[in-house]
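A quick write-up on the structure given underneath.
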Amino acid sequence: MTLTAKSVARVTLVSALLTAVAGAAIIGASPASGAASTLGAAAQQSGRYFGTAVAAGKLGDSTYTGILNREFDMVTAENEMKMDATEPNQGQFSYGNADRIVNQARNQGKRVRGHALAWHSQQPGWMQNMSGSSLRNAMLNHVTQVATYYRGKIYAWDVVNEAFADGSSGGRRDSNLQRTGNDWIEAAFRAARSADPNAKLCYNDYNTDNWSHAKTQGVYRMVQDFKSRGVPIDCVGFQAHFNSGNPVPSNYHTTLQNFAALGVDVQITELDIEGSGSSQAQQYQGVTQACLSVPRCTGITVWGIRDSDSWRASGTPLLFDGNGNKKAAYTSVLNVLNNGTDPGPTSTTSTTTTTSSNPGGGGCTATYSEGEKWSDRFNGNVTVSGTDNWIVTVTVSSPQRIIATWNTSASWDSANVMTARPNGNGNTFGFTIQHGGNWNWPSVSCRVG
Ligand code: XIL
């Protein structure tokens, strides 16, 4: 704990006597926080992760493994956990390459995203020709077997991958799995939950980044429906494969926020952006900022390490060049991760004012004090003195949101500004702020009601 946070944990300003606004007073200054020098460490400052796809066949490449071990704290098997890899013959499971990736990651203290349990693509040959209840049962058995085998080792599973159609329909993609019945997705999620109750269960797709696209809306409605009916879903993965024909949408933050508001985590799961130089760097910056601005965006995974490792290598879409050197895009991501976050223990005070609306005098005092902190949110308390008939304005700064209050009757002037009044529970009230990476204290002002 640095001096800044706790030594000024209580902020008291007595109001001016007359009507004028007392004016802003800066109580604490931002502490100098050391910038992290790797993607994983930088992301951890806000409780997030930064991951990459890994290919088992490259683990012997020391440049590759060197960057992997240094920079990333989450790993996804690029192909090795897919259905064709893990069940090449029906009922016969094969985990050798997947285990190499999982063990390497876990030995290095990294976590693992599982990808993917059920998908129309990269199915083993025996499954491609199946249909009806035998396919449904084979799919469910696959989900159960693989999720059970890796139980306890997977942070989040992509339970179902790419089940929605591109284009304007907003509906499901036709596939052998879809033809087993529209409920195949929820059946897969239920089987996964039974097999590994502690893994987060994600739906993962591409072309779902732009909020106005029909496919995005289709997935949104499915997640909304699953949440309303208690189908076990915890997260939505956004693959985020971008290029000039499919650029990063300007409403990306809106998409992530709207999904998160359904009560799921959101994750950027397969990020790559074709291009080079500052234009590519700017787009990476935008995606990273979009994630940081949404409290429930828990992490970002890029789909490979060096450009030469990419499934779209000719588009040079990654953060390291073919020689393993950091690109401009790397630096822009690292800077956003560092600047966009201010870890809890060094949180700062913010502007706090108190004012009186009582022309005859008799002001009030609002005192803000820090409460508990978590990776995604923190509590604050305000104690009022000078009157029992107070009106306190609490202003948070973007992307913060007040998500809970106690001992007060609250109303909102805008998403950022809350007006608090007594509700019969005394003169101390509190609230929870979802911080989205911004740990600044709210500003608090008091007037007599
Ligand atoms: C890709 C891999 O990167 C390639 O090596 C493989 O040949 C095809 O699949 N969406 C997904 C990923 O969910 O699994 C895909 O990975 C890329 C698109």
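Nothing in this text is a laboratory measurement; each read-out follows from the coordinates by a stated rule. Computed from a predicted model, the values in this text were never measured in an experiment. Cβ sites come from the backbone with ideal geometry, for glycine too, and all protein chains shown count toward neighbours.
Find the relative contact order for region 239-325 and round it to a whole percent, using C-alpha pairs within less than 8 Å whose residues are 6+ positions apart. Mind dumping the intermediate values first?
Numbers: 131 pairs, mean separation 25.9, N = 87.
Answer for region 239-325 is 30 percent.
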Revision key, fill the gap. Quick calc, the chain, dipole around Cα centre from Cβ unit charges on Lys, Arg (+) and Asp, Glu (-), nearest 20 debye, gives 700 debye
Check your understanding: On full extension of the chain, what length is gained from ARG221 through SER279, given 0.36 nm per residue of separation minus the C-alpha to C-alpha distance?
Key -> 17.5 nm
Review point. Of LYS110/LYS373; LYS327/LYS373; LYS110/LYS327; LYS58/LYS110, which pairs sit farther than 28 Å apart, going by alpha carbon to alpha carbon?
Key: LYS327/LYS373
**Study point:** Relative contact order, percent, the chain [alpha-carbon distance under 8 Å, six or more residues apart]
**Key:** 19 percent
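Considering only DSSP beta bridges with both partners in region 136-252, what is the antiparallel share in %, to the nearest 5?
20 percent
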Revision key, fill the gap. Any helix of the chain counts here only if DSSP assigns it H throughout, its Cα atoms span 15 Å or more along the axis, and its mean Kyte-Doolittle hydropathy is at least 0.0, and such helices are 184-195, 328-339
Point to revise | Electrostatic dipole magnitude of region 165-221 [Cβ: Lys, Arg +1; Asp, Glu -1; Cα centre; debye, to 20] | key: 120 debye
Check your understanding: Among 247-253, 430-436, 58-64, what's the highest-first ranking by average C-beta atoms within 10 angstrom per residue?
Key -> 430-436, 247-253, 58-64
Point to revise | Positive-end residue of LEU318, SER411, THR387, charge dipole of the chain with Cβ unit charges | key: THR387
Point to revise | In Hz, Karplus ³J(HN,Hα) per residue of region 44-60 (6.51, -1.76, 1.60; θ = phi - 60°; x = Gly, Pro) | key: 4, 4, 10, x, 9, 10, 10, x, 9, 6, 10, 9, 4, x, 9, 5, x
Exercise for review: Please give the net charge around PRO295, taking every other residue with its beta carbon less than 12 angstrom from that of PRO295, where Lys and Arg add +1 and Asp and Glu add -1.
Suggested key: +2
Check your understanding: Stretched out fully, how many nm does the piece from LYS326 to TRP406 gain, at 0.36 nm a residue minus the Cα gap?
Key -> 24.0 nm
Exercise for review: Taking the Cα centre of region 80-204 as origin, sum charge times position over the Cβ atoms of Lys and Arg (+1) and Asp and Glu (-1), and report the length of that vector in debye to the nearest 20.
Suggested key: 460 debye
Review point. Taking one equal scatterer on every alpha-carbon of the chain, how large is log10 of I(q)/I(0) by Debye at q = 0.10, 0.14 1/Å?
Key: -0.77, -1.23
Study note, to complete from the structure: Here the percent of antiparallel bridges among DSSP beta bridges lying wholly in the chain, to the nearest 5, is 55 percent
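Can you tell me how much longer the chain between SER168 and ARG151 gets when fully stretched, taken as 0.36 nm per residue apart minus their C-alpha distance, in nm with one decimal? Display every interim value, and only then the final one.
Values: separation 17, 0.36 × 17 = 6.12 nm, distance 3.79 nm.
Working it through step by step, the gained length comes to 2.3 nm.
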